[in-house]
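The values are calculated or read from the model by the stated rules, or taken from the named source; none is laboratory data. Keep in mind the model is a prediction, meaning the values are calculated, not measured. All Cβ positions, even for glycine, are placed from backbone atoms using ideal geometry, and neighbour counts span all protein chains on display.
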Amino acid sequence: MDTAQTHFYEPAAGHGLAHSPFNSIIAPRPIGWISTQGKNGVLNLAPYSFFNAFNYTPPIIGFASNGQKDTLHNAEMTGEFCWNLADEDLFEAMNQTSLEAPAGVDEFALAGVTPAASTIISVPHVAESKTVFECRTTQVLPLLSSDGAETVTHMVFGEVVGVHIHQSLLKDGIYQTADARPMLRGGGPSTYFTIRRENIRDLPRPS
């Protein structure tokens, strides 16, 4: 790489740009639209852009909570949460749940989506979501800096114990990612992407 044409920075000293490029470089990222329920029965629904899958067997997903939020507390206290697919039809509803609402506010009602009973766990999921993971919390870990200090962020991992997939997203037994139209996070402070079938590139592994 030509260093004369390279913007280099040390994160601890600041990036010197209009918006941190870190989030934009790791992109696009799937949205962790996470539903939880407090021990008092109040429902919570919030999007997390630091989210992904981490294990095949058993299937494990995880999301990072930047600060002490209701989702983090609920997933840790009850041991359960759901991931809900945020597709293009649910884009605005998902965005509504990013509001920093006071504790005790039901974000399902705030976003105008319907809580549906899950099959394995007690936490409801978004009825309008075409793909859902029911999860049992396996680990809640504080993230550490290189000097061993705890950051304000906790990583929440959960084993997927139940999967709901709308039949329209299955073709010959294969999940059709493009047809699911998932919203993906990336770019600037409010930039999202989606997937289009014309952008698919098939690349089999070398034999």
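Count of segment 72-110 residues, restricted to those that are part of a loop (DSSP other than H, G, I, E, B) and either among the aromatic types (Phe, Trp, Tyr) or modelled with pLDDT under 95 (or both), is 9.
Residue count for segment 51-69 satisfying the condition of being free of Cβ contacts under 8 Å to residues at least 12 places away in the same chain and of a type in the set (Val, Ile, Thr): 1. Inspection of segment 113-122 identifies at least one residue that is closer than 24 Å to Phe91 by Cα, in contact (Cβ under 8 Å) with a residue 12 or more places away in the chain and of a type outside the set (S, T, N, Q). Restricting attention to segment 121-145, the residues that are assigned to a strand (DSSP E or B), out of contact with any His (no Cβ under 8 Å at 6 or more places or on another chain) and polar (S, T, N, Q) total 3.
Cβ-Cβ contacts under 9 Å between residues 6 or more apart (or on different chains), taken from a first residue in segment 88-99 that is closer than 12 Å to Pro182 by Cα to a second residue that is among the polar types (S, T, N, Q), are listed as Glu88/Thr194; Leu90/Asn84; Leu90/Ser129; Phe91/Thr194; Met94/Asn84.
Selection of first residues in segment 18-42 that are among the aromatic types (Phe, Trp, Tyr) and of second residues that are surrounded by 15 or more Cβ atoms within 10 Å (Cβ to Cβ), restricted to Cβ pairs under 6 Å at least 6 apart or on distinct chains, gives the following pairs, ordered by first then second residue: Trp33/Pro47; Trp33/Asn84; Trp33/Ala86; Trp33/Met94. In segment 175-204, the residues that are modelled with pLDDT under 95 form Cβ pairs under 7 Å with partners that are hydroxyl-bearing (Ser, Thr, Tyr), at six or more places apart or across chains, as follows: Arg185/Ser49; Arg185/Tyr192; Gly186/Ser24; Gly187/Ser24; Gly188/Ser24; Ile195/Thr177. Among the residues of segment 51-69, those identified as part of a strand (DSSP E or B) and of a type in the set (Phe, Trp, Tyr) are Phe51, Phe54, Phe63. Of the residues making up segment 141-195, those that are basic (Lys, Arg) and surrounded by 14 or more Cβ atoms within 10 Å (Cβ to Cβ) number 2.
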